[in-house]
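Take a look at the structure below.
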Amino acid sequence: MKIGDKVSVLDDPITGVITKVENDQIIIRTEDGFEMEFTQQELVVEHSTLSLVPSLEEITDAVQDKEHFKKKSKKPLITTKKKEIPAMEVDLHIHKLTESSKGMSNYDMLNLQLETAKRQLQFAIEKRISRVIFIHGVGQGVLKEELRYEFSKYDGIKVSDADYQKYGLGAMEIYIYQNPDRK
């Protein structure tokens, strides 16, 4: 320790500059302008560039910087769209159900379409498929009304028109409740 060094007292919150060194006695001038006498063992030299014991302000600043850094380093959460399971589509146009409708009456064609619809709906229920689109076409509406009547016999399903933009007026959507107690 030499004259001009900035020092702190170990057991007291006192800092000052060394003004006189005599044997083991060191005299410091405090920041308040008082001269005080200490032994070398009671003092610690403060280095202007490196403080061994950080001040409360330095600790607070460091913690705030750390919090600020943590906040910046977090990557924004990327929310993904919930993937919707596509609906099962059943086309009931007669040319999709049979190779030739030659020799079939309107009654026979309607029965084939209704039986196909019932069979496909039963398949969807067994396989726990929640949405089925029945494409019935526009026509005179006979098949559409027959389908509504048949589907009204089932519990745990909801019948509505299918997406107009995709199917126009010629399709209906069936939602099958997987847990029939909760509608």
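Return the residue satisfying two criteria in turn: it lies in segment 62-101 and is closer than 30 Å to Gly137 by Cα and surrounded by fewer than 10 Cβ atoms within 10 Å (Cβ to Cβ), and of such residues it is modelled with the lowest pLDDT. Outline the logic, then answer.
In the first step, residues of segment 62-101 are kept if they are closer than 30 Å to Gly137 by Cα; the result is 83-101.
Those left that are additionally surrounded by fewer than 10 Cβ atoms within 10 Å (Cβ to Cβ): 83-86, 95, 99-100.
Values: Lys83: 67, Glu84: 73, Ile85: 77, Pro86: 83, His95: 90, Glu99: 89, Ser100: 87.
Within segment 62-101, the match that is modelled with the lowest pLDDT is Lys83.
Only residues that are closer than 14 Å to Val90 by Cβ, part of a loop (DSSP other than H, G, I, E, B) and not aliphatic (A, V, I, L, M): list them for segment 112-170, please.
The answer is Lys127, His136, Gly137, Gly170.
Find the residue count for segment 1-26, including only residues that are surrounded by fewer than 14 Cβ atoms within 10 Å (Cβ to Cβ) and either touching a residue at least 40 places away in the same chain (Cβ under 8 Å) or part of a loop (DSSP other than H, G, I, E, B) (or both). Write out each step before concluding.
Kept after step one, since they are surrounded by fewer than 14 Cβ atoms within 10 Å (Cβ to Cβ), are these residues of segment 1-26: 1-4, 10-13, 19-20, 22-25.
Pick out the ones that are also either touching a residue at least 40 places away in the same chain (Cβ under 8 Å) or part of a loop (DSSP other than H, G, I, E, B) (or both) and you get 1-4, 10-13, 23-24.
So the count comes out to 10.
Could you figure out which of (1) at pLDDT 75 or above; (2) within 30 Å of Lys6 (Cβ to Cβ); (3) over 35 Å from the mean Cα position of the chain (by Cα) isn't true of Val53?
(1)
Give the residue that is modelled with the lowest pLDDT, with candidates limited to residues of segment 35-50 that are acidic (Asp, Glu) and within 60 Å of the chain's Cα centre (by Cα). First the steps, then the outcome.
Here is the first cut: in segment 35-50, the residues acidic (Asp, Glu) are 35, 37, 42, 46.
This time we only want the ones that are within 60 Å of the chain's Cα centre (by Cα), so: 42, 46.
Values: Glu42: 87, Glu46: 81.
By that ranking, first place goes to Glu46.
Could you go through segment 102-110 and let me know if any residue there is in contact with a strand residue (DSSP E or B) (Cβ under 9 Å, 6 or more places away or on another chain), modelled with pLDDT of 90 or more and over 18 Å from Ser160 (Cα atoms). Outline the logic, then answer.
Going residue by residue through segment 102-110, those that are in contact with a strand residue (DSSP E or B) (Cβ under 9 Å, 6 or more places away or on another chain) are none.
Among the residues of segment 102-110, not one is in contact with a strand residue (DSSP E or B) (Cβ under 9 Å, 6 or more places away or on another chain), modelled with pLDDT of 90 or more and over 18 Å from Ser160 (Cα atoms), which makes the answer no.
Kindly provide the set of residues from segment 35-47 that are over 12 Å from Val17 (Cβ atoms) and either among the polar types (S, T, N, Q) or assigned to a loop (DSSP other than H, G, I, E, B) (or both), ordered by number.
Thr39, Gln40, Gln41, His47
The values are calculated or read from the model by the stated rules, or taken from the named source; none is laboratory data. All values reported here derive from a predicted model rather than from experimental measurement. Virtual Cβ from ideal backbone geometry, glycine too; neighbours counted across all protein chains shown.
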